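So the structure is just underneath, and the comments pick up after that.
The values are calculated or read from the model by the stated rules, or taken from the named source; none is laboratory data. Here the structure is a predicted model, which is why all the values come from computation and not from measurement. Cβ placement follows ideal geometry from the backbone for every residue including glycine, while neighbour counts extend to all protein chains displayed.
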Amino acid sequence: MQTIIKKIENNQRITLEEGVKLYDLDLFTLGKLASKKRQELHQKKTYYNINRHINPTNECKDICKFCAFSANRKNPNQYTMSFDEVKEIAKDAVKNGAKEFHVVSAHNNKVGLDWYMGMFKMLKVNFPDIHIKALTAAEINFLAKEHNKSFEEIITLMIENGVDSMPGGGAEIFDEKVRDYICKGKVSSTDWLKIHSLWHQRGRKSNATMLFGHVESRENRIDHMIRLRDVQDQTGGFNTFIPLVYQRENNYLKVENFLSSTEILKTMAISRIVLDNFPHIKAYWVTSTINLALIAQEFGADDLDGTIQKESINSAAGAKSLAGMKEDEFVTLIKDSGFNPTLRDSLYNEI
Ligand code: V47
């Protein structure tokens, strides 16, 4: 273990085996190592933004076992919003100070490609100053396959219609065996990484998530991080790594045990150490709870995501995030935790 610690202190790269071994360290030693990296990059800043999550449809042709958002037997309430409905939500969000629309939908094969792209265009025309973060690699894969287009063609359409950056959703766990079990038929790991690379080649930024705390092993998590690190070495286009804590209500994935806070914090800390070429680690308060996300700031994370205003995907699976957070609550909590609240735009420019 001493050799691994020395490697971390000397800024040397951590291998898969070493990453897994780091879980054997006690929480505080691990936290100290990750925190040192975090402080070198961001000192005591904790980033957040004012954003609005918009989920315009939950009708999905795919069935991911962990998903409680898409309409199915457990959630029979299908919806697909009209552009007017989306515009009303956006108008209200801007009135409440939103600087970013985070738009993620299900894989809806009843509406056409024009519905997806027309919605981005409508948002950009009506709200030209608002950053649009939209379409996960899973959605891009779905649209390409459904409408006989290449990934490049979908990406061109996104850019033409006003999408500014890509969210990190749909990554789940890259290990093919686990992926096949939890979300068979969804974008493959190779294609998820390829789509992000293609997006980065257009000079655009994106994020990367990892869904953990279900049936994956620690080794699967480190393997996931290393596959991302390899792409980042080539493109430099990822802004943030977001470990999403699995929420287990209203879905088809049978997982008996909760992850302990220790395991969550260790995973955050290890991600800060392994992902040495990622500028940011986001403790997404929606899936970790706000208090653990604040403690995670001592374990490598430097970002909390945003106020969100309304969240449908994780709250459907049990997260207490339906109504978002108020900015003044965020600021008070961050200060109370000993960090400096740092309002940012979607690309981490300080506001
Ligand atoms: O891809 C679905 C996950 C993701 C569950 O890029 C679940 O800034 C936990 O990607 N338990 C969508 N997670 C959310 C997402 C995201 C969120 C915040 C910021 C950014 C960003 C991206 O939610 C999906 C999936 O991995 N998810 N079901 C569940 N039961």
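Residues in the range 316-348 that are hydroxyl-bearing (Ser, Thr, Tyr) and farther than 21 Å from residue 241 by Cα: how many?
The total comes to 2.
Scanning for something within 12 Å of the ligand (Cβ to nearest atom), within 19 Å of the chain's Cα centre (by Cα) and surrounded by fewer than 23 Cβ atoms within 10 Å (Cβ to Cβ), does the range 148-164 turn up at least one residue?
Within the range 148-164, the subset within 12 Å of the ligand (Cβ to nearest atom) is none.
No, every residue in the range 148-164 fails to be within 12 Å of the ligand (Cβ to nearest atom), within 19 Å of the chain's Cα centre (by Cα) and surrounded by fewer than 23 Cβ atoms within 10 Å (Cβ to Cβ).
Would you point out the residue of the range 44-55, among those that are buried (at least 23 other Cβ atoms within 10 Å of the Cβ) and not hydroxyl-bearing (Ser, Thr, Tyr), that is nearest to residue 78 (Cα to Cα)?
Here the residue is 54.
For the range 236-269, which positions are more than 23 Å from residue 319 (Cβ to Cβ) and either crowded, with 19+ Cβ neighbours inside 10 Å or touching an Asp or Glu at 6+ places or on another chain (Cβ under 9 Å) (or both)?
237, 238
Residue 343: surrounded by fewer than 21 Cβ atoms within 10 Å (Cβ to Cβ) and closer than 15 Å to residue 45 by Cβ, yes or no?
yes
Which condition from (1) without any contact (Cβ under 8 Å) to a residue 60 or more places away in the chain; (2) surrounded by 23 or more Cβ atoms within 10 Å (Cβ to Cβ); (3) out of contact with any Lys or Arg (no Cβ under 9 Å at 6 or more places or on another chain); (4) not charged (D, E, K, R) is the one that residue 349 breaks?
All conditions are met except number (2).
Counting just the residues of the range 174-212 that are part of a helix (DSSP H, G or I) and polar (S, T, N, Q), which one comes out farthest from residue 275 (Cα to Cα)?
201
Taking the range 24-36 as the region of interest, how many residues are touching a Ser or Thr at 6+ places or on another chain (Cβ under 9 Å) and buried (at least 18 other Cβ atoms within 10 Å of the Cβ)?
Going through the range 24-36 one residue at a time, the tally reaches 1.
Hey, can you tell me all the residues within the range 189-228 that are over 18 Å from residue 244 (Cα atoms), small (Gly, Ala, Ser) and without any contact (Cβ under 8 Å) to a residue 40 or more places away in the chain?
203
Looking at 171, 138, can you tell me which residue is within 16 Å of the ligand (Cβ to nearest atom) and either over 26 Å from residue 68 (Cβ atoms) or outside any helix (DSSP H, G or I) (or both)?
171
Could you figure out which of (1) modelled with pLDDT of 95 or more; (2) touching an Asp or Glu at 6+ places or on another chain (Cβ under 9 Å) isn't true of residue 87?
Going through (1) modelled with pLDDT of 95 or more; (2) touching an Asp or Glu at 6+ places or on another chain (Cβ under 9 Å) one by one, residue 87 breaks only (2).
What are the residues in the range 44-58 that are within 16 Å of the ligand (Cβ to nearest atom) and part of a loop (DSSP other than H, G, I, E, B), if any?
Passing the criteria: 50, 55, 56, 58.
How many residues are under 24 Å from residue 316 (Cα atoms), free of Cβ contacts under 8 Å to residues at least 40 places away in the same chain and more than 16 Å from the ligand (Cβ to nearest atom) when one looks only at the range 116-135?
Selection size over the range 116-135: 1.
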